[in-house]
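Reading through the structure tokens given below for one structure.
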Amino acid sequence: MEGLAKADLEQLLEGAARFRRDVVDTPVKKSARLRGRACVNLFFEASTRTKTSFELAGKYLGADVINFQSRGSSVEKGETLYDTALNVEAMAADVLVVRHSASGVPAELQRHLDIPVVNAGDGHHEHPTQGLLDLKTVWDAKGHLDNLSVVIVGDILHSRVARSDLWGFLTMGSHVTLVGPPIMQPLGLVNERVRVTSDMDAAIQDADVVQVLRIQKERQAMVGMPSEEEYRERWGLTAARAGALRPDAVILHPGPQNRGVEIDSLVMDDPRAKILTQVRNGVAVRMAVLDQLIGGQDDN
């Protein structure tokens with residue numbers, strides 16, 4: 001998302017709106033725009049929403065979709081990721097969708113391949129299609145993205161979702177506040193439209209959007225990491241905090257959720273929470289991305 005122009009984002013959001021209306025929300029979810037195309041998903045990290053929605057996006061567009069699993073593949077025999085990608089390209093794949101635990105892997109692969117590579121999440125760097133679906137969800141709820149107050153709460157330092165949301169919302173004209181424990185705060189992201197704070201209650205007072213990030217339990221051993229109880233008390237979106245939000249505020253969470261830690265179950269059931277809408281928009285957004293990269297067939 002970093003470096004994409006506003007016009008590029010708007011084009012993808014408009015495409016997602018079209019696919020949501022004309023395909024995703026219809027009884028017969030079929031288009032022929034990617035008929036004859038092959039989409040290969042290379043996921044080297046666990047995933048439910050992203051992987052499934054990329055698979056559905058390709059299939060709804062008429063493509064042949066292949067899901068690559070690193071377990072049981074030649075990677076376990078010592079083959080490099082680079083050679084794996086070259087072999088998949090040699091099989092006449094049209095696009096690779098890549099998720100990896102190391103930051104920069106999709107960009108590095110793109111430098112060596114002639115087919116498009118889509119970043120489905122790379123390390124602590126970015127998760128661009130999550131950023132796009134978050135933009136679409138807020139745009140649908142608010143009717144615009146200009147001059148909104150967006151609060152992102154959680155482990156900002158390690159969150160690829162936070163970075164993609166940050167760049168996306170800034171490009172579209174919003175202001176962003178990053179909230180979390182001091183140990184989880186990023187360095188070098190503060191400017192005239194970005195602020196960083198540990199005071200969640202003050203940050204959400206006038207928020208138009210609150211994006212709640214998953215507390216990453218695998219980081220509990222970090223020195224200075226708050227306990228789940230302390231985290232919920234100081235940075236969790238509790239029912240009491242949700243009650244203090246504006247009536248028209250939008251509540252987001254990229255999933256998976258730790259109910260009762262970073263977000264209460266009652267908040268997830270709040271009409272202002274658009275969590276399942278995010279998931280549905282994820283399919284439409286990924287359809288728009290694939291279509292822009294390898295589409296163009298007549299829809300018949």
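The values are calculated or read from the model by the stated rules, or taken from the named source; none is laboratory data. Being a predicted model, the structure only gives us computed values, none of them experimental. So basically every Cβ, Gly included, is an ideal-geometry build from the backbone, and we count neighbours across all protein chains shown. The protein model used for the area step is the full one, side chains on, heavy atoms only, and it has no ligands, DNA or RNA in it. Shrake-Rupley method; radii C 1.70, N 1.55, O 1.52, S 1.80 Å.
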Q | Criterion violated by THR84 - all others in (1) farther than 17 Å from GLY58 by Cβ; (2) without any contact (Cβ under 8 Å) to a residue 40 or more places away in the chain satisfied | A | (2)
Q | Residue in the stretch 43-52 that is at pLDDT below 95, open to solvent by 40 Å² or more (accessible area, probe 1.4 Å), within 24 Å of LEU166 (Cβ to Cβ) and touching a strand residue (DSSP E or B) at 6+ places or on another chain (Cβ under 6 Å) present | A | yes
Q | Qualifying positions in the stretch 87-101 - in a loop (DSSP other than H, G, I, E, B), open to solvent by 30 Å² or more (accessible area, probe 1.4 Å) and at pLDDT 95 or above | A | MET91, ALA92, ASP94
Q | Long-range neighbours under 8 Å by Cβ, at least six apart or interchain, first residue modelled with pLDDT under 95 within the stretch 167-184, second open to solvent by less than 10 Å² (accessible area, probe 1.4 Å) and of a type in the set (Phe, Trp, Tyr) | A | GLY180/TRP235; PRO181/TYR231; PRO181/TRP235
**Q.** Extreme residue, farthest from the chain's Cα centre (by Cα), among residues of the stretch 114-132 that are aliphatic (A, V, I, L, M) and under 22 Å from VAL88 (Cβ atoms)
**A.** ILE115
Q) What are the residues in the stretch 93-122 that are under 11 Å from PHE44 (Cα atoms) and not aliphatic (A, V, I, L, M), if any? A) ARG99, HIS100, SER101, GLY121, ASP122
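May I ask you to verify whether LYS59 is modelled with pLDDT of 95 or more, within 18 Å of GLY121 (Cβ to Cβ) and surrounded by fewer than 21 Cβ atoms within 10 Å (Cβ to Cβ)?
Values: modelled with pLDDT of 95 or more: yes; within 18 Å of GLY121 (Cβ to Cβ): no; surrounded by fewer than 21 Cβ atoms within 10 Å (Cβ to Cβ): yes.
Judged against the criteria, LYS59 is not a match.
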Q: Can you tell me which residue within the stretch 174-185, out of those that are out of contact with any helix residue (DSSP H, G or I) (no Cβ under 8 Å at 6 or more places or on another chain) and in a loop (DSSP other than H, G, I, E, B), is surrounded by the most Cβ atoms within 10 Å (Cβ to Cβ)?
A: SER174
**Q.** Members of the stretch 13-37 that are open to solvent by less than 20 Å² (accessible area, probe 1.4 Å) and closer than 24 Å to VAL98 by Cα
**A.** LEU13, GLY15, ALA16, PHE19, VAL24, SER31, ALA32, LEU34
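Each row is one residue, and each column tells you yes or no for (1) closer than 19 Å to ILE204 by Cα; (2) touching a residue at least 24 places away in the same chain (Cβ under 8 Å); (3) outside any strand (DSSP E or B).
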| site | (1), (2), (3) |
| --- | --- |
| ILE115 | no, yes, yes |
| ASN119 | no, no, no |
| THR129 | no, yes, yes |
| ASP134 | yes, yes, yes |
| ALA141 | yes, yes, yes |
| LEU145 | yes, yes, yes |
| VAL151 | yes, yes, no |
| ALA162 | yes, yes, yes |
Q: Name the one entry in LEU34, LEU42, LEU4, LEU56 that is aliphatic (A, V, I, L, M), in a helix (DSSP H, G or I) and at negative phi.
A: LEU56
Q.
Return the residues of the stretch 1-32 that are in contact (Cβ under 8 Å) with a residue 24 or more places away in the chain and among the hydrophobic types (A, V, I, L, M, F, W, C); say none if nothing qualifies.
A. MET1, LEU4, ALA5, LEU9, LEU12, LEU13, ALA16, ALA17, PHE19, VAL23, VAL24, ALA32
